[in-house]
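So the structure is just underneath, and the comments pick up after that.
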Amino acid sequence: MSIHLIGGGWDGEAASAVYGPFLAEAGDAPTVACLLIDEGDGAGYFARFEAALRGVDPSCVPEPVLVPVGGAFDPAVLEGADALLVGGGLTPAYHDALAGVLDTVTLRIMRGLPYAGFSAGASVAAEHAVVGGWLSDGIPVCPGDAAEDLEEVDVRPGLGLLPGAVEVHTAQWGTLSRLVDTVARGRARHGVALDENTLLTVEGDRARVSGRGRVHVVRTGHAAGEAVVRAYGAGEEFAL
């Protein structure tokens with residue numbers, strides 16, 4: 001079983017690299033449940049994913065699972081699905097939608113349901129979900145535009161599909177520094193920060209980078225409050 005994490009982005013030339021491995025794992029003509037938080041244009045947002053997925057595999061059947069802000073996800077919809085894609089938007093709203101069924105969804109995925117997380121969907125997939133915020137004890141650690149309507153950095157229990165934490169839109173939004181702070185402060189043992197149009201495929205304790213950007217791995221250093229960062233590009237692998 002693989003977990004497919006996408007750092008966001010809509011570059012059509014990267015679509016095959018970003019979505020291809022997920023769709024290949026989903027099988028022939030797969031039905032893909034697309035969990036999306038509906039912030040007012042859910043149908044239009046779903047249409048973007050439908051076009052991206054069908055552009056890679058015309059035989060796939062994306063199905064919208066639209067949840068309003070403040071609503072809850074019903075895992076019963078997964079009974080007819082061959083794969084699950086969790087999209088992007090307000091990360092706290094995605095976490096709220098999944099909070100009551102984290103264990104149920106995680107168990108379904110661990111039993112073999114292919115999972116792709118796009119942006120927010122990648123963040124909530126981790127053991128520790130960084131759902132937003134731009135201040136750490138009142139000190140800025142990333143641009144306010146990446147705060148997801150939160151002030152202090154907020155780390156919550158995630159789906160636990162991989163250890164540590166996940167950041168997204170890294171080069172585009174400047175979120176690497178938020179992950180560095182999260183790890184340095186001991187709120188996650190380590191983490192990965194994905195650029196847009198970049199895929200990180202996790203298989204067991206190994207991870208592989210695909211797409212157009214980089215993945216930065218942040219680990220605790222030897223001294224208290226120290227974090228060590230290393231970057232990986234497409235085709236490279238590392239241990240989690």
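Go through segment 151-171 and give me each residue that's over 24 Å from Y115 (Cα atoms) and surrounded by fewer than 16 Cβ atoms within 10 Å (Cβ to Cβ). Across segment 151-171, the qualifying residues are E151, E152.
Summed over segment 201-239, residues that are in contact (Cβ under 8 Å) with a residue 40 or more places away in the chain, open to solvent by 40 Å² or more (accessible area, probe 1.4 Å) and assigned to a loop (DSSP other than H, G, I, E, B) total 5. Pairing each residue of segment 37-64 that is at pLDDT 95 or above with any residue that is part of a helix (DSSP H, G or I) and of a type in the set (F, W, Y), provided the two are 6+ apart or on different chains, yields C-beta distances under 7 Å for I37/Y94; A52/Y19; L53/Y19; V56/Y19; P62/F49; P64/F46.
The values are calculated or read from the model by the stated rules, or taken from the named source; none is laboratory data. Please read these numbers as outputs of a predicted model, since none were measured by experiment. Neighbour counts run over all protein chains shown; Cβ positions are idealised from the backbone, glycine included. These accessible areas exclude ligands, DNA and RNA; they are computed on the full protein's heavy atoms, side chains included. Shrake-Rupley method; radii C 1.70, N 1.55, O 1.52, S 1.80 Å.
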